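Here the structure is laid out as C-alpha cells; the discussion comes afterwards.
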Amino acid sequence: MPTALITGITGQDGLYLAELLLTKGYDVHGLIRGQNNPKRDLVEHLLPDVRLHHGDLTDMSSLIRALRDSDPDEVYNLGAVSFVAYSWENAALTTDVTAKGVLNMLEAVRLHAGGHPEDVRFYQASSSEMFGKVQEVPQHERTLLWPRSPYGVSKVFGHYMTINYRESYGMHASSGILFNHESPRRGPEFVTRKISEAVARIKLGLQDHVVLGNLDAERDWGFAGDYVEAMWLMLQQPRGDDYVVATGETHSIRDFLDAAFAHVGIDDWTPYVRQDERFMRPAEVDHLIGDASKAREVLGWKPKVSFRELVAMMVDADLAATRQGW
Ligand code: NAP
Ligand code: G4F
C-alpha cells in the first residue's frame, strides 16, 4: 500500500486529493496546523481513514516529525496562504508560508530520505498566478513568469526551488502549474464561490445584492476534482517535471455572473451586483488561459467538467446548503 503525506489537507484540493488517493488504496496522512484547528472535524468526518499529524510549514522540525511518523512514498505540498488579495496585507506571512514553507518541506524531505532523496516523490502546488502580467497567450511551461502579487512572487520562489531540488539532488520533484480550479468546497473568499453563494441567497430571497471588484478579469476555470488527478499522475511518471494544468478556455467574472444567475432563471444580474474599490487589487492579473498540451500528451490528462457544468454544480450546492440552513 503506497503512503502519501498531504500538506493543506483541510483546503479544497487537500480534501479532493485525499479522497482520490483513498480510492486508489493509499495510506493517507495529512498535516494539520494550530492547537485547535476548526477544520479538523470536517476532515475527520469526511475522511475518517486519514491520519493527521500536527505541523506547520513555517516550522521545519514539525515537518521532519510528520515525515518520520508517516514515512511517505509521496508528498503533496498543497499548504499555502492561498488568497491573493490577502497576500498584500500579509506579505511577510505569505512569504514565510507560501515561499519559504516550500523550501522547508523540500529540505525536510531530503533529510528524511537520507542518501536516497529520489525515493520520496514530491508535488509542489505552483500556480498560474506566477504568469501575472502575461507575456504570452496562452501560457505554457516555458512562458516567462511575471508575478503581480506577494502570493505570485512566493509561488515563483517555490516553483524554482522545486526545480532546483530536482536538479541538485535528483529528487523526483514535480511542479503543477495549475490554473484556477473551483468546486462547492472553494473558500467563500474566492470570487466564484462568493458569487455562487450570493446567487443562491438572492434566489431564495435572503440577500438582495453582492459587492464585487473587477468584473473584467479573465480566468481559466476548471473543476478541482479533475485537477487533483493531474497531481497524482505527475507523481506516477518515471521522472519529476513541470506541467501546466488548465482547460484552455477563459471567461471573465461577467461570464461567471451570466452563467450563475441564468442557472437560477435570472437573465439580467445588473440590479443584484455592485462594485466597490475595496475589492480591487493593487496590481491585477487580467487574462489567464493555459495551454495544457504537455499534461494531455505526457500524463493523458484532460478536464472532464465544463465551465457551465462547474457553475451549475456550485450554484446547486449552495442552493441545497442554504435551504438546509433554513
Ligand atoms: P486552500 O483551500 O486555501 O487551502 C490552503 C491550505 O493550506 C489549508 O489547508 C490551510 O490550512 C493550509 N495552510 C495555510 N497555512 C499553513 C501553514 N502555515 N502550514 C501548513 N498549512 C497551511 O487552497 P486550495 O485551493 O486547496 O489550493 C491548494 C494549493 O494549490 C495552494 O498551495 C494554492 O496556493 C495552490 N493553487 C490553488 C489553485 C486554485 O485555483 N485553487 C490554483 C493554483 C495553485 P488551514 O485550514 O489550517 O488554514
Ligand atoms: O477568485 P480569486 O480571488 O482568485 P485568484 O486571484 O485568481 O487566485 C486563485 O487562483 C490562483 C490561480 O491562478 C491560485 F493560485 C490562488 O491560490 C487562488 O486560488 O479572484 C479571481 C479574479 C481576480 O481577478 C479578482 O480581482 O476575480 C476578481 N474579483 C472581482 N471581484 C474578485 C472579486 N475576487 C475576489 N476574491 N472577490 C471579489 O469580490
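Bear in mind these aren't lab numbers, they're just calculated from the coordinates by the rules spelled out. Worth saying up front: this structure is predicted, and the values here are computed from it rather than measured. All Cβ positions, even for glycine, are placed from backbone atoms using ideal geometry, and neighbour counts span all protein chains on display.
Listing for the model above:
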{"read-out": "Other-chain or far-sequence residues with amide H under 5 Å of ALA125's (modelled H)", "value": "ASN77"}
{"read-out": "Amide H contacts under 5 Å for THR3, placed H, 5+ residues apart", "value": "ASP27, ASP73, GLU74"}
{"read-out": "Charge tally in the Cβ shell below 12 Å around ALA198, where Lys, Arg are +1 and Asp, Glu are -1, ALA198 excluded", "value": "+2"}
{"read-out": "Net lengthening on full extension, ALA283/ALA91 (0.36 nm per residue, minus Cα-Cα)", "value": "67.7 nm"}
{"read-out": "Hypothetical label at VAL298: residues of the stretch 227-251 whose amide nitrogen lies under 13 Å (7 Å Cα-Cβ projection)", "value": "231, 233-245"}
{"read-out": "Contour minus Cα-Cα distance for ASP316 and ARG254 (0.36 nm per residue)", "value": "20.4 nm"}
{"read-out": "Whole-Hz ³J(HN,Hα) from phi, Karplus 6.51 cos²θ - 1.76 cosθ + 1.60, for the stretch 37-45, glycine and proline x", "value": "5, x, 8, 4, 4, 4, 5, 5, 6"}
{"read-out": "For the stretch 57-74, Karplus couplings with θ = phi - 60° (6.51, -1.76, 1.60), whole Hz, Gly/Pro x", "value": "5, 8, 10, 4, 5, 5, 6, 4, 4, 4, 5, 4, 7, 9, 6, x, 7, 9"}
{"read-out": "Gap separating the Cα centres of the stretch 66-89 and the stretch 165-229, nearest whole Å", "value": "17"}
{"read-out": "D_trans [Stokes-Einstein, Kirkwood Rh over alpha-carbon pairs] for the stretch 1-154, 37 °C, 0.692 mPa s, µm² s⁻¹", "value": "202"}
{"read-out": "Over 11 Å [Cα-Cα, the stretch 134-175], rounded percent", "value": "67"}
{"read-out": "The stretch 203-326: radius of gyration and largest Cα-Cα distance (Dmax), Å", "value": "17.6, 54"}
{"read-out": "14 Å beta-carbon shell around PHE256, net charge (K/R +1, D/E -1)", "value": "-4"}
{"read-out": "Translational diffusion coefficient (Stokes-Einstein; Kirkwood radius from C-alpha pairs) of the chain at 37 °C, 0.692 mPa s, in µm²/s", "value": "162"}
{"read-out": "Nonlocal amide H pairs with HIS54, under 5 Å, H built at 1.01 Å", "value": "ILE32"}
